[in-house]
1. What does DSSP give for region 273-463 in terms of the percent of beta bridges that are antiparallel, rounded to the nearest 5?
2. Taking N as the number of residues in the chain, what value does Rg over Cα atoms divided by 2.2 N^0.38 Å take?
3. Positive end of the charge dipole of the chain (Lys, Arg +1 and Asp, Glu -1 on Cβ, about the Cα centre): tell me which of GLY288, LEU307, VAL419 has its Cα farthest that way.
4. Once every Cα of region 273-463 carries one equal point scatterer and solvent is ignored, give the base-10 log of I(q)/I(0) from the Debye formula at q = 0.10, 0.15 Å⁻¹, two decimals.
5. Hey, which of these cross-link pairs are over 30 Å Cα-Cα: LYS192/LYS326; LYS271/LYS326; LYS156/LYS472; LYS21/LYS57?
6. Taking the dipole about the Cα centre of the chain, with the C-beta of Lys and Arg at +1 and of Asp and Glu at -1, give me whichever of SER474, VAL162, PRO386 is farthest to the positive side.
7. Is the shape of region 326-371 rounded, prolate or oblate, going by the alpha carbon gyration tensor and its root eigenvalues a ≥ b ≥ c, with a/c under 1.5 for rounded and a/b larger than b/c for prolate?
8. For region 263-420, calculate the relative contact order in percent as a whole number, restricting contacts to Cα pairs under 8 Å that are 6 or more residues apart.
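The values are calculated or read from the model by the stated rules, or taken from the named source; none is laboratory data. Only a predicted model underlies this, so the values are computations on that prediction, with no experimental measurement involved. Cβ sites come from the backbone with ideal geometry, for glycine too, and all protein chains shown count toward neighbours. Ligands, DNA and RNA are stripped out before the accessible areas are found, and what is left, the full protein with its side chains, is counted by its heavy atoms. Shrake-Rupley method; radii C 1.70, N 1.55, O 1.52, S 1.80 Å.
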Amino acid sequence: MTVIQTLQQGGRHPFLDGKPKRMLIGGKWLEAASGKTFETINPATGEVLAQVAEGDKEDIDRAVAAARAAFTGPWSRATPYERQALLLKLAELVERDFEELTALDTLDMGAPLSRTRNNRARALGMLRYYAGQATSIHGETIPNSLPGEHVSFTLKEPVGVVGAIIPWNGPLTATIWKIGPALATGCTVVLKPAEEAPLTPLRIAELCMEAGVPAGVVNVVPGYGETAGAALAAHPDVDKVAFTGSCGTGQAIVRASAGNLKRVSLELGGKSPDIVFADAHLESAVPGAAMAVFANSGQICSAGTRLFVEKRVYDEFVGRVAEFGKALKVGDGLRDETQVGPLVSAQQLDRVTGYLAIGRQEGARPLSGGERLTGEGLDKGYFVPPTVFADVNDSMRIAQEEIFGPVISAIPFTDIEEVIARSNATTFGLGSGVWTRDVSKAHKLARAIRAGSVWVNCYQAMDPAVPFGGYKMSGYGRESGMQHVEEYLNVKAVWIRTG
Ligand code: ADP
């Protein structure tokens, strides 16, 4: 029987053996210095999945010391081919255990199997892409105009110890997105998983050890944001923080980084516009616009939550998106048929249902969803159905603020210049969508929208080779692509006088 079949029949996941999960520091599995643990729960059922070591400042100090020792030790002499081989080995192990990892993501943060299974190509692709990059990192020989004879060239060197702080909305891919470039470049990492979903990162840490990643190169310290996360962000011996999460936490991390002026890259929130013109191929735009928000229950930073629809098709289109949402199966992510799982936590449920109430108070009209889902075995989980609010205007809070739930705010528009201005009238700039059959409009919008990604006649397309990141308050730095690898490198100029 497969791991998933076992779970579907009420059995347990092999990683969940009833023992508290420890943290990985310097190649050893340790309890927290305080001895404390915290619970991680299944958001579909409210059941406790495991006790997890609760890291705090002392543990972060130990992990950073281990990462520093590894960085200056034999790891600094690992050749590009050796680092490549490690990444390829890790990819092989992730592939071997993919179903187990998929199930762990589903258990810990709720995303349906239909989604976590689909991450296969992306997760493996990322590891193999970074493996390729490991042998492609190089400096340049640059001609100079100094009198006398000088040769000048650059070296690309790993930035050092990286503090990686990740969110809970895609634990498997988020972990790989941070560890991959670190191993490719020769950095070392202290990774702090989100307290809501620490299990997959810990399992990947085990796979790193199995792959032969040297002790101290990858360390994983679970714990809370305000304690372990804050200690990592402020640590004087951390050279860079790679953070994915909310805007407010991103700002706290930038402030904390000032102590040693560590490098920071930030992938933060969004309130992304998704623009549907009347000339779009509506058959594909309806599911496209719906899943741009309902996928992962809306818990995706680049979700296309401000749905701008050209006035003459507004009623028809928005109605169809609502019908599409109503037909999606909401439930425990472990069921094969589930398309929309629970929200990650009780706190997130409160936040999203709070916005549903705000939307109604502001005068928006729910065409679908709009209330927490209970009954039929859903009472103990945190379920909110796909919700479409019509009659939304730009000044409403549901059109301005990130909800991080399956909630579409549908807004009518009349012309292209107007929709460009309104799309850009936000502090965020992460994703954006455009649905049209007019190639001129597509090109115009692709340039005019101030966001890190513009998806035309698709949404959320991602590839390890294509950079992803934000404009404005959605953050800075890029993940995926060569730009991502550069974020983990320093450039050193070397001058040699030969005359
Ligand atoms: P969300 O609201 O989506 O949970 P957060 O930004 O709070 O997003 O969390 C993302 C990650 O940041 C988590 O790993 C969390 O523990 C961590 N975190 C939260 N607060 C801080 C902080 N003050 N300093 C560093 N990390 C933090």
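1. That works out to approximately 15 percent antiparallel.
2. On the way: Rg = 23.3 Å, N = 499, 2.2 N^0.38 = 23.3 Å.
Cα-based Rg divided by the globular estimate yields 1.00.
3. Result: VAL419, furthest along the dipole toward the positive end.
4. Debye intensities relative to I(0), on a log10 scale: -0.36, -0.82.
5. Working: LYS192/LYS326 37 Å; LYS271/LYS326 23 Å; LYS156/LYS472 28 Å; LYS21/LYS57 18 Å.
As for pairs spanning more than 30 Å Cα to Cα, those are LYS192/LYS326.
6. VAL162
7. Oblate, since a/c reaches 1.5 and b/c is not below a/b.
8. Details: 301 pairs, mean separation 43.5, N = 158.
28 percent.
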